[in-house]
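Working notes, structure below.
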Amino acid sequence: DQQVKQNSPSLSVQEGRISILNCDYTNSMFDYFLWYKKYPAEGPTFLISISSIKDKNEDGRFTVFLNKSAKHLSLHIVPSQPGDSAVYFCAAKARYGGSQGNLIFGKGTKLSVKP
Amino acid sequence: DSGVTQTPKHLITATGQRVTLRCSPRSGDLSVYWYQQSLDQGLQFLIQYYNGEERAKGNILERFSAQQFPDLHSELNLSSLELGDSALYFCASSVGGRATDTQYFGPGTRLTVL
């Protein structure tokens, strides 16, 4: 049973346009959400996070939106650059549950930004 | 470069064998986490150690075990290997064991079981 779902395995975007990556979760205990970026032959790199007390967090070109009622979050990249081409993983954790600190990952979305 | 190192980068072995994967956390980090990424799967949390003690367990098989040594490096031992154990194994570290501590990932060890 997948608790974190990224339903789009891939996304292709033109350079300069907006990239929107989506993520859904089922566990209402999750209260902290993260996005990681992964290049081939490297480990995942932390990108941005959001706590459940917020609905938006921004860091430069990256913004994460959280809709708790829909159990949905999205990552917006504006403007998209060819160097953003990578696999993006959504992850969630329940900070105060029995598995405190355990990250639950989605399967990832491969973003391709075309020049 | 995250500062987390993993050895070896690649490992090819046969079914039934036993292997050891090694991880050195970032300088100063006390927590180490192990993840498995199989084909078409997201990263699956296996186990966490904090300052030498097991802190949390995820979907880790009984054939797998881990430990964290006094110098804080960690080893993941995989025994009685099966074809399905072929995967990327990532180690991550964080400064403490708090749920909000950012986890920094190593480059991974690719295990192939033939």
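The values are calculated or read from the model by the stated rules, or taken from the named source; none is laboratory data. Small disclaimer: the values here were computed from a predicted structure and weren't measured. Cβ sites come from the backbone with ideal geometry, for glycine too, and all protein chains shown count toward neighbours. Ligands, DNA and RNA are stripped out before the accessible areas are found, and what is left, the full protein with its side chains, is counted by its heavy atoms. Shrake-Rupley method; radii C 1.70, N 1.55, O 1.52, S 1.80 Å.
Points to keep in mind about this one:
- The number of residues in segment A:1-34 that are farther than 13 Å from A:LEU111 by Cα and among the basic types (Lys, Arg) comes to 1.
- Qualifying residues in segment A:1-38 (those that are touching a Gly at 6+ places or on another chain (Cβ under 7 Å) and surrounded by fewer than 18 Cβ atoms within 10 Å (Cβ to Cβ)) - the one nearest to the other protein chains (Cβ to nearest Cβ): A:LYS5
- Where strands (runs of 3 or more DSSP E) fall entirely within segment B:20-80, those with at least 1 residues that are touching a Leu at 6+ places or on another chain (Cβ under 8 Å) and in contact (Cβ under 8 Å) with a residue 24 or more places away in the chain are at B:31-37, B:44-50, B:64-68, B:74-78.
- Residue within segment B:45-63 that is open to solvent by less than 60 Å² (accessible area, probe 1.4 Å) and acidic (Asp, Glu) present: no
- Filtered by the rule that a residue be assigned to a loop (DSSP other than H, G, I, E, B) and away from chain B (no Cβ under 14 Å), segment A:44-67 gives A:ASP55, A:GLY60, A:ARG61.
- Qualifying position, being open to solvent by 30 Å² or more (accessible area, probe 1.4 Å), among the hydrophobic types (A, V, I, L, M, F, W, C), away from chain B (no Cβ under 14 Å) and in a loop (DSSP other than H, G, I, E, B), among A:ALA41, A:ALA70: A:ALA70
- Count of segment B:66-100 residues which are within 8 Å of chain A (Cβ to nearest Cβ) and open to solvent by 10 Å² or more (accessible area, probe 1.4 Å): 3
- Residue that is modelled with pLDDT of 95 or more and more than 21 Å from B:THR102 (Cβ to Cβ), where the choices are A:LYS71, A:LYS37: A:LYS71
- Those residues of segment B:1-19 which are open to solvent by less than 60 Å² (accessible area, probe 1.4 Å) and either within 13 Å of chain A (Cβ to nearest Cβ) or part of a strand (DSSP E or B) (or both), in sequence order: B:SER2, B:GLY3, B:VAL4, B:GLN6, B:LEU11, B:THR13, B:VAL19
- Taking first residues from segment A:30-47 that are free of Cβ contacts under 8 Å to residues at least 12 places away in the same chain and partners that are open to solvent by 20 Å² or more (accessible area, probe 1.4 Å), the Cβ contacts under 6 Å between residues at least 6 apart in sequence or on separate chains come to A:GLU42/B:PRO107; A:GLY43/B:PRO107; A:THR45/A:LYS37.
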